[in-house]
Amino acid sequence: MILNLRGNHASGKTTVVRKLLAHFPSKPIFGALGPRMPEAYLCETGRCPFYILGPYNVPGMAGCDYVTMRGMALMLELLDKYVSKGDILYEGVLLSVRILAPTIGKWLLEHKDDVRILILDTTLEQCLAALKERQDKSAYRPGKDDTLLQVQQRQFERVKKHLQGQGFGIEYVSRDKAVKRIIECLKQPH
């Protein structure tokens, strides 16, 4: 199973993943990102191996946003590496607001039958409030970042419609219930 967690910037994607990492005993796997940044985490679920892609041991940019900053080729390499080993979960704002054809978009289509897309139902207003709340810990710039978030929201909506048009299984979930829903998904036969 391939779980793709999507949402706009500050929607709660990274928080959801950090809660999953706290829920399951997990082991960081180092390699493509060097000796200090895990490329993935192996989570012990009691079932099939479950991998969460990207580093979550740093504040700020985490997960697949960190990976994609190093290039889409690396992201595809990690997707291919871990999809053959077990269930995977990945998230990132860049992967949520762009179709990314022919790279990630093509990869998703090739694995369509195994992909479950979970979209956080966090509103634009909630994302803006979350950004403002953590502005002392981030590089948030009032006004300028608000406009960027609005643009990303429009892109996010376009990508969501595109994925629906392609026939992907899409499910909406609140950030408060996302961890529980992901755990339920991992328990389902596949």
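Name the aspartates and glutamates eligible as straight-distance cross-link partners of Lys161: C-alpha to C-alpha under 14 Å, and not fewer than 8 places from it in the same chain.
Glu171
Counting every Cα pair in the range 2-187, what percent are over 27 Å apart?
I get 23 percent for the Cα pairs in the range 2-187 exceeding 27 Å.
Report, to one decimal in Å, the Kirkwood hydrodynamic radius for the range 4-55 based on all distinct Cα pairs. Intermediate results must be reported in sequence, preceding the final value.
Values: mean 1/r = 0.0845 Å⁻¹.
11.8 Å is the Kirkwood radius here.
Give the distance, in whole Å, between the Cα centre of the range 61-82 and the Cα centre of the range 6-56.
Measuring centre to centre over Cα atoms gives 13 Å.
What does the charge dipole of the chain about its Cα centre add up to, to the nearest 20 debye, if the Cβ of each Lys and Arg holds +1 and the Cβ of each Asp and Glu holds -1?
Result for the chain is approximately 160 debye, rounded to the nearest 20.
Once Lys and Arg get +1 and Asp and Glu get -1 on their Cβ, which of Gly71, Ile117, Gln155 lies farthest toward the positive end of the dipole of the chain?
Gln155
Would you please state the base-10 log of I(q)/I(0) at q = 0.09, 0.14, 0.17, 0.24 1/Å for the range 1-112, with intensities from the Debye formula using one equal scatterer on every alpha carbon?
Debye intensities relative to I(0), on a log10 scale: -0.20, -0.50, -0.76, -1.62.
Read the figures in this text as sums done on the coordinates, not as results from a lab. Please read these numbers as outputs of a predicted model, since none were measured by experiment. Glycine gets a Cβ as well: all are built from the backbone with ideal geometry, and neighbour counts include every protein chain shown.
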